[in-house]
1. In the chain, with Lys and Arg counted as +1 and Asp and Glu as -1 at Cβ, which of these residues, L21, I115, P84, has the Cα nearest the positive end of the dipole, that is, farthest along it?
2. Would you mind checking which residues have amide H under 5 Å from L104's amide H? H placed 1.01 Å from N; only 5 or more apart, or other chain.
3. Got a sec to turn the phi values of the stretch 108-123 into Karplus ³J(HN,Hα) couplings, 6.51 cos²θ - 1.76 cosθ + 1.60 with θ = phi - 60°, whole Hz, x for Gly and Pro?
4. Expected output is a single nm value to one decimal: the length gained when fully extending between R193 and L3, i.e. 0.36 nm times separation in residues minus the C-alpha distance. What is it?
5. Of the GluC sites (Glu not before Pro) in the stretch 3-85, which ones lie in a loop per DSSP and count no more than 15 other C-beta atoms within 10 Å?
6. Answer rounded, prolate or oblate for the stretch 110-201, using the Cα gyration tensor with square roots of eigenvalues a ≥ b ≥ c: rounded when a/c is under 1.5, else prolate when a/b is larger than b/c, else oblate.
7. When the helix-only estimate is applied to the chain (DSSP H runs of n ≥ 4, each -39,500 (n - 2.57), divided by the residue count), what is the mean residue ellipticity at 222 nm, nearest 500 deg cm²/dmol?
8. May I ask you to evaluate 6.51 cos²θ - 1.76 cosθ + 1.60, the Karplus curve with θ = phi - 60°, for each residue of the stretch 174-185 and list the ³J(HN,Hα) values in order in whole Hz, giving x for glycine and proline?
Amino acid sequence: MTLIRIPLFPLPLVLFPHAILPLHIFEPRYKQMIRECIDTESRFGVILAGERGIAKIGCTAEVTEITRQFDDGRMDIKVEGRSPFEIESVVEEKPYYEANVRMLEDETDAKSAAIPEGLLEVYARCHILLFGSEPEEFDRENNESLAFAIAEDLPLDVEDKQTILASRDENDRLARLLPMLNQLIPQAEVRYRMRRKAGGNGHASV
């Protein structure tokens, strides 16, 4: 098993492969970390951080755009998720955390996974309720995992997103998504009613 060392960026969110994430970098240690990643064209790891510490599985990220730089070193950037990884050990030798990690690959071909009956319909319903439009057509040529794309697109609970990221089987990820989306529908319906009331009379209420 080959381990590589990467910088860690703990955040209260889950990053998926191919997902775009805007970040405002302001802490001195992360200004240093991101600058080093940009200068060396290297990746860092985005890892979910919560009350119980950091998760074991995260996703590497690559800086794709610097949208704004400030005189004090702060910067606005966009990063794109690349590959899932698992932490073997955390290293504290620099102002920011690093970790020895192993990169993770799916155990099955994501493109050949069977889509559970009703999943796309429930996904479309959630998207319409939340955003007022049908979801964009999924492009499997550039994004192998439909599960990752759906989990990234919708405001699922962060622990549910972590569960999807941690799975190495697309069939398992898709099967787990269906009940998650069904649980999301009542919340989506509330937001839909609030949006309609706000648009109708300027006052939102449930």
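Computed from the coordinates by the stated procedures, all read-outs in this text should not be read as laboratory data. Everything numeric in this text was worked out from a predicted model, so none of it was measured. All Cβ positions, even for glycine, are placed from backbone atoms using ideal geometry, and neighbour counts span all protein chains on display.
1. It is L21, whose Cα lies furthest towards the positive end.
2. Residues meeting the amide H criterion: F85, E86.
3. Listing the rounded values in order: 10, 6, 4, 5, 9, 5, 7, 7, x, 4, x, 4, 5, 5, 5, 4 Hz.
4. Additional length available on full extension: 63.4 nm.
5. Here the GluC sites (Glu not before Pro) that fit, given the DSSP loop and packing criteria, are E41, E51.
6. Prolate, because a/c is 1.5 or more and a/b exceeds b/c.
7. So the calculated ellipticity at 222 nm is -12000 deg cm²/dmol.
8. 5, 5, 5, 5, 4, x, 5, 5, 4, 6, 6, 4
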